[in-house]
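The structure appears below as structure tokens.
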Amino acid sequence: MTLVGVAVGVALAVVAVFIPWLPDAASEQADIVDSVYWVVTIICVVVFAVVAGVSAYAVYKFRAPPGDMDDGSPIHGHTGLEIVWTLIPTILVTGIAVYSGVALAQSEELPPDHRIIEVSSQQFAWTFTYPDIEVEGGRPLSSGELVVPIDQTIRFEITSKDVIHSFWVPEWRMKQDAVQGITTHTTVKPTELGTFPVICTELCGLGHALMRSRARVLSEADFQAWVEEQKRLAREGGAIQGKELFTQQCGSCHTLADAGTTGEVGPNLDEVLQGVDADFIMESIVDPSAEIAPGFQDGVMPGNYGEMFTEPQLQGLVEYLVNATEGGAQ
Ligand code: HEC
Ligand SMILES: [Cu+2]
């Protein structure tokens, strides 16, 4: 009976292992997490198969013949069996706990040359701040997309301005809640170049499904070039930079023909910005709660653009929106 169970278990485990269920593993942590995941999955599949196989066999083998209305024979337990089915799970569960603990400790190991990136979340946007990179005006570089160099360990310091969110890049595997009032952490060492989604994986309100950004993993040289470009943008502002900012930060919620964006969470800016002036646009960006566009809700548009963007960036954004909508009795 047990042999049948074991055979089914092995067959199912083979199926489980050879179908690519998981996203690519693009960080050192991903390999560690995946090992734990597969070891636990295989143990579960085998245990399930043994139990289900034995049960199914017993149901068939010991079924009552038609018309048999007798009671079953009285059974008083079996000490040997009971010891075995207590001992095996105890050993398995303890083993899994120790193995997971070691994996967790390994994945959070921080080499001395790690980089810190602050992840700030709010309904419904991510802001990534690089505390050791300074831009115009002495403020730290911050960005709506996460850009990191490859092969460098990053310690993410995660906070929330409102409800609980959760920071997750599936290809990196590490996932950490963002909770108002405390700073949580996670560690990732990206090992693959490319662009990956940043997802909020804690239901956080109306715009939860749109609370996405992207993580770009660049070579060290490209990363430095990106940093220089960000510094230049922060210094110069201007309508061209405004367009880029708009596409990156605002397009997921707003439709604007000139930028080719089609978001529908907020008002269609091609329509609502007709004939409004630059001051109104500036106020709408830095203080979206001051006036709520009819038919829309307060608290959906992020309220921190005033802190996130430099003055030249804000000016550039407004200038761009005025031009793009041909509104603006400047
Ligand atoms: C998460 C979705 C979201 C994002 C991201 C977002 N907005 Fe909004 N926006 C809204 C919503 C919803 C409203 C309507 C409620 C209000 O007026 O606050 C709005 C209102 C506005 C208005 C005022 C429209 C009017 O007629 O009152 C402007 C201008 C605007 N957004 C520009 C921007 C810009 C520029 C950005 C990027 C820096 C941006 N928004 C990012 C959702 C968003
Ligand atoms: Cu969220």
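List the equivalent ellipsoid semi-axes of the stretch 237-325 in whole Å, largest first, each obtained as the square root of 5λ for an eigenvalue λ of the Cα gyration tensor.
Calculated on Cα positions only, the semi-axes equal 17, 15, 13 Å.
Does the chain come out rounded, prolate or oblate by the C-alpha gyration tensor, with a ≥ b ≥ c the root eigenvalues, rounded set by a/c under 1.5 and, if not, prolate when a/b is larger than b/c and oblate if not?
Judged from the Cα gyration tensor, the chain comes out prolate (a/c at least 1.5, a/b above b/c).
Report, ordered by chain and residue number, the lysines lying within cross-link reach of Lys243, taken as a straight Cα distance under 19 Å and ignoring same-chain residues fewer than 8 apart.
The reachable lysines, counting only those whose Cα sits under 19 Å from Lys243, are Lys231.
Given N residues in the stretch 72-193, what is its alpha carbon radius of gyration divided by 2.2 N^0.38 Å?
Ratio of Rg to 2.2 N^0.38 Å for the stretch 72-193: 1.65.
Would you calculate a helix-derived [θ] at 222 nm for the chain, using -39,500 (n - 2.57) for each DSSP H run of n ≥ 4 and dividing by the full residue count, to the nearest 500?
So the calculated ellipticity at 222 nm is -14000 deg cm²/dmol.
Using the Kyte-Doolittle scale, find the helices of the chain whose mean hydropathy is at least -0.5 and whose Cα atoms extend 27 Å or more along the helix's long axis, counting only whole DSSP H runs.
Those that pass (Cα extent of 27 Å or more, hydropathy at least -0.5) are 28-61, 79-107.
Net charge within 10 Å of Val135 by Cβ-Cβ distance, Lys/Arg positive one each and Asp/Glu negative one each, not counting Val135 itself?
+2
Amide H of Thr261 versus every other amide H placed in the peptide plane: which residues, excluding those fewer than 5 positions away on the same chain, fall under 5 Å?
Long-range HN contacts for Thr261: Leu256.
By average Cβ neighbour count within 10 Å, what is the ranking of 4-11, 118-125 from highest down?
Going by the mean number of other Cβ atoms within 10 Å, highest first, we get 118-125, 4-11.
Quick one: putting +1 on the C-beta of Lys and Arg, -1 on the C-beta of Asp and Glu, what dipole do you get for the stretch 237-325 around its Cα centre, in Debye to the nearest 20?
The calculated dipole for the stretch 237-325 is roughly 240 debye.
Tell me, how many Å apart are the Cα centres for the stretch 118-184 and for the stretch 38-57?
Between the Cα centre of the stretch 118-184 and that of the stretch 38-57, the gap is 40 Å.
Tell me which of Thr127, Val50, Ile182 sits at the most positive position along the dipole axis of the chain, charges placed on C-beta atoms (Lys, Arg +1; Asp, Glu -1).
Going by the charge dipole, the pick is Val50.
Taking amide H positions as placed 1.01 Å from N in the peptide plane, with prolines and chain starts having none, which residues 5 or more places from Trp126, or on another chain, fall under 5 Å of its amide H?
none
Under the rule of at least 5 residues apart or a separate chain, name every residue whose amide H is placed under 5 Å from the amide H of Ala178.
When sequence neighbours closer than 5 places are left aside, the close amide H contacts are His165, Ser166, Phe167.
Shape call for the stretch 19-124 from the C-alpha gyration tensor, a ≥ b ≥ c root eigenvalues: rounded (a/c under 1.5), prolate (a/b greater than b/c) or oblate?
Note, shape of the stretch 19-124 comes out prolate.
Taken together, the values in this text are just the output of simple stated rules run on the coordinates, not laboratory data. Since this is a predicted model, take the numbers as computed values, not measurements. As a convention, Cβ positions derive from the backbone with ideal geometry for all residues, glycine included, and neighbour counts pool all protein chains shown.
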